[in-house]
Amino acid sequence: MVDTAPFDVISAGLAEVHGQFLPVTDGEVASYIPKLALADPNDFGLALVSMDGHRYQAGRSQVPFSIQSVAKPFVYALALAELGLDEIHRWVGNEPSGDAFNAISLERGTGRPANPMINAGAIATTDLVPADSPEERFARVLEGLSAFAGHRLEVDEEVYRSESATGDRNRALAYLMHAAGSLRTEPRAAVETYFRQCAVRVNTVDLAVMAATLATGGVNPVTGRTVVPERVAVQVLAVMATCGMYDAAGDWLVRVGLPAKSGVSGGLAAASPGRFGLACYSPPLDPTGSPVRAVAALREVSRRLGLHLMQPPAPGPATVTACTTAEHWPPAADRPPQERELLARGARRIALVAARGELDFTAVERVLYALASVAPDRPGWLVLDLAEVMWVRPTARTMLTAALARVTAAGHRVCVVTGAEPYGHGELTTGAEVRGSRADAVAWAEDGLVGESAGLRKSTD
Ligand code: GLN
């Protein structure tokens, strides 16, 4: 069997980060939920799940723990998928509260909680999941969380009972919201459903799969199942970025720059959109209720891999590989002398731009700038060779389609070279000719020029 370990720099990197922060012993294990106080402060697991669903892990990544607040963004996603942002926003805000996770952050007058990542907002969000009874509601929540994790999750009944026996503060929050009209159902039942949701058992790898499902845009990369629409995944990640780390959310966004959510049992899930889901488990917490080692480890991973959301993407390789006119290539030898002469005279009227790689906004701007620089001053023939373009992003497609329509309307004739294997070029060729090779496209342009000149000559004869 092939030894794949030498290729696995990801597990090696996680193991390094794990080793780096294992000696950290700061923080206190949560004890306000008595069962959580029994956690082993030495437990420390890391996991990363890629967009292809490959799982990488280090340390005690298989130790089970209750999900606690890390469930919040995922239940928010389920509620959003059912009801949409506008309806949810009537009941739960999107604003960072700057307060602790268990604070009474309710809007004056309406009683609306500040955001779905704090307890008040999460109780209200869970309560919005459509169902006819609290039992049915929890069943739907559990099913949704399981779809995010990619397998059937279960409730740690002891943790549930422990929190239910001591959770008066959350009950008080629910009663306050109910009195203000921002919680629709009976507060006691609403809080029990929320407690059960907090007690769902996961391990670090589960959390990384859940985060990866948001990072892909809602498709679980391990099971391939669409859990929520892409629009919802994007909205959830945005709220995680601004509110996921409670009163440390601003500092987290500045230093780590990833959407994340922590929980009092020691879990922390973060997503690098389009790259991977990342999770960490370590019970000792800092004063804001986030796991100390996990915060440090994720900050280190983000630094090493340059994951900060606000970091501009590295400039791609040169996009434009040719930008010229027919003046710069010899007329085809197989044409009769008369045609060659016509082509030589009108060579300025045939322009060619070729691009390669991936087309995004920047690349299309370069291509269009190049085309404009060689376009003839009266209507002519433009060859846009995209045969070496491997991918056209949606923004790029919108821009190119619009540009081709405008250029054609201005009287130019355009031919796009798509190559043997078009990668989403299809839809952007509206109004343009399409050829499989540059030679064929150039021949089309030359035929056009020869035809036009011959026609003109005939009419003046
Ligand atoms: N179940 C916990 C509570 O409501 C969750 C809090 C958290 O993880 N931050 O207090």
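Residues whose amide H falls under 5 Å from that of residue 322, counting only those 5 or more places apart or on a different chain, are 354, with hydrogens built in the peptide plane.
Within segment 254-273, find all residues whose amide N lies under 15 Å from a label point positioned 7 Å from the Cα of residue 358 along Cα-to-beta-carbon. The answer is 272-273, whose backbone nitrogens lie closer than 15 Å to the label point.
With a cut-off of 8 Å between alpha carbons and a minimum separation of six or more residues, what is the relative contact order of segment 1-150 in percent?
Over segment 1-150, the number comes to 17 percent.
Taking amide H as placed 1.01 Å from N in the peptide plane, residue 61 has its amide H under 5 Å from the amide H of 46, each at least 5 places away in sequence or on another chain.
Over segment 263-405, Cα pairs under 8 Å with separation of 6+ residues give a relative contact order of 18 percent.
Two tests apply to each whole DSSP H helix in the chain, Cα reach of 15 Å or more along its axis and mean Kyte-Doolittle hydropathy of at least -1.0, and the ones passing both are 9-21, 71-83, 134-149, 168-180, 187-198, 204-215, 230-243, 292-305, 361-374, 394-409, 438-460. Each residue of segment 322-331 was assigned a 3J(HN,Hα) from its phi angle through the Karplus curve 6.51 cos²θ - 1.76 cosθ + 1.60 (θ = phi - 60°); the sequence is 8, 8, 7, 10, 5, 4, 9, 10, x, x Hz, with glycine and proline shown as x.
Using a simple spin-label model with pseudo-atoms 7 Å out from Cα toward Cβ, residue 348 and residue 161 lie 9.0 nm apart. For segment 9-118, with all protein chains in place and a probe radius of 1.4 Å, 52% of the accessible heavy-atom surface sits on carbon or sulfur. Residues whose amide H lies under 5 Å from that of residue 29, counting only those 5 or more places away or on a different chain, are 285; hydrogens are built 1.01 Å from N in the peptide plane. Applying 0.36 nm per residue to the separation of residue 408 and residue 108 and subtracting their alpha-carbon distance, the gain on full extension is 102.3 nm. Computed from backbone phi, the HN-Hα couplings of segment 386-391 come to 10, 4, 9, 7, 8, 7 Hz, rounded to whole numbers (Karplus: 6.51 cos²θ - 1.76 cosθ + 1.60, θ = phi - 60°; Gly and Pro given as x).
Within the chain, the longest run free of trypsin sites (Lys or Arg not before Pro) that sit in a DSSP loop with at most 14 other Cβ atoms within 10 Å is 226-461.
Accessible area per residue for the chain in Å², computed with a 1.4 Å probe and the full protein assembly in place, what is it?
45
Among beta bridges identified by DSSP and lying wholly in the chain, the antiparallel ones come to about 65 percent.
Spin-label pair residue 28-residue 304: with each label point 7 Å from Cα along the Cα-Cβ axis, the two points sit 3.2 nm from one another.
Just how far, in whole angstrom, is segment 111-186 from segment 208-234 if you go by their alpha carbon centroids? Result: 22 Å between the Cα centres. Relative contact order for segment 304-382: what is it in percent, counting Cα pairs under 8 Å that are at least 6 residues apart? Once divided by the residue count of segment 304-382, the mean separation gives 37 percent.
Extension gain for the segment residue 314 to residue 373, taken as residue separation times 0.36 nm less the Cα-Cα distance, is 18.7 nm to one decimal.
With a Förster radius of 51 Å applied to the C-beta separation of residue 447 and residue 143, the computed FRET efficiency comes to 0.25.
Between residue 186 and residue 136, the distance separating the two model label sites (each 7 Å from Cα on the Cα→Cβ line) works out to 1.6 nm.
The values are calculated or read from the model by the stated rules, or taken from the named source; none is laboratory data. Note that the structure is predicted; figures quoted are calculated from it, not measured. FYI the Cβ positions are ideal-geometry reconstructions off the backbone, even for glycines, and counts take in every protein chain you see. Heavy atoms of the whole protein, side chains included, go into the accessibility calculation; ligands, DNA and RNA do not. Shrake-Rupley method; radii C 1.70, N 1.55, O 1.52, S 1.80 Å.
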